[in-house]
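The values are calculated or read from the model by the stated rules, or taken from the named source; none is laboratory data. Keep in mind it's a predicted model, so treat the numbers as computed, not measured. Neighbour counts run over all protein chains shown; Cβ positions are idealised from the backbone, glycine included. With ligands, DNA and RNA removed, areas are computed over all heavy atoms of the protein, side chains included. Shrake-Rupley method; radii C 1.70, N 1.55, O 1.52, S 1.80 Å.
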Amino acid sequence: DNVKVVRGDTTILADKVTGRYNEANEIERALCEKNVVITRGDTMKATSNRADYDVKRGVIVMTESPELNDKGSVLNADKVTVYVNED
């Protein structure tokens, strides 16, 4: 419960996070489950019940009722992709 992952100005909160590491003991992937909240700075907030974070590519794919609120615009979809290294 209450897991927090931070990378730059992006923060991920979730009830459960399972990480996969490479041979150099660097995290490659993080699977976030239940009550996932991703924030980026003060302008972007996304919520879902599942998010798969490919750390190397800087891509988070959110599924299970994702909602994205970015600068006042709200998006609901089957899948939302957040590019951590891009605006």
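Within 10 Å of the chain's Cα centre (by Cα) and open to solvent by 90 Å² or more (accessible area, probe 1.4 Å): is that true of residue 53 in this structure? Give the derivation first.
Details: within 10 Å of the chain's Cα centre (by Cα): yes; open to solvent by 90 Å² or more (accessible area, probe 1.4 Å): no.
Criteria not met by residue 53.
This table checks each residue for (1) among the hydrophobic types (A, V, I, L, M, F, W, C); (2) in contact with a strand residue (DSSP E or B) (Cβ under 8 Å, 6 or more places away or on another chain); (3) surrounded by fewer than 16 Cβ atoms within 10 Å (Cβ to Cβ); (4) touching a residue at least 60 places away in the same chain (Cβ under 8 Å).
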residue: 2; (1), (2), (3), (4): no, yes, yes, no
residue: 5; (1), (2), (3), (4): yes, yes, no, no
residue: 11; (1), (2), (3), (4): no, yes, yes, no
residue: 18; (1), (2), (3), (4): no, yes, yes, no
residue: 28; (1), (2), (3), (4): no, yes, yes, no
residue: 42; (1), (2), (3), (4): no, no, yes, no
residue: 48; (1), (2), (3), (4): no, yes, no, no
residue: 57; (1), (2), (3), (4): no, no, yes, no
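Would you please list the contacts, defined by Cβ atoms under 9 Å and residues six or more apart or on different chains, that run from a residue in the range 76-87 that is more than 11 Å from residue 40 (Cβ to Cβ) and of a type in the set (Val, Ile, Thr) to a residue that is at pLDDT 90 or above and in a loop (DSSP other than H, G, I, E, B)?
Going by the 9 Å Cβ cut-off, the qualifying pairs are 80/66.
What number of residues within the range 1-57 satisfy the criterion of being under 15 Å from residue 81 (Cα atoms) and among the acidic types (Asp, Glu)?
2
Being acidic (Asp, Glu) and touching a residue at least 24 places away in the same chain (Cβ under 8 Å) is true for just one of 52, 70. Which residue is that?
70
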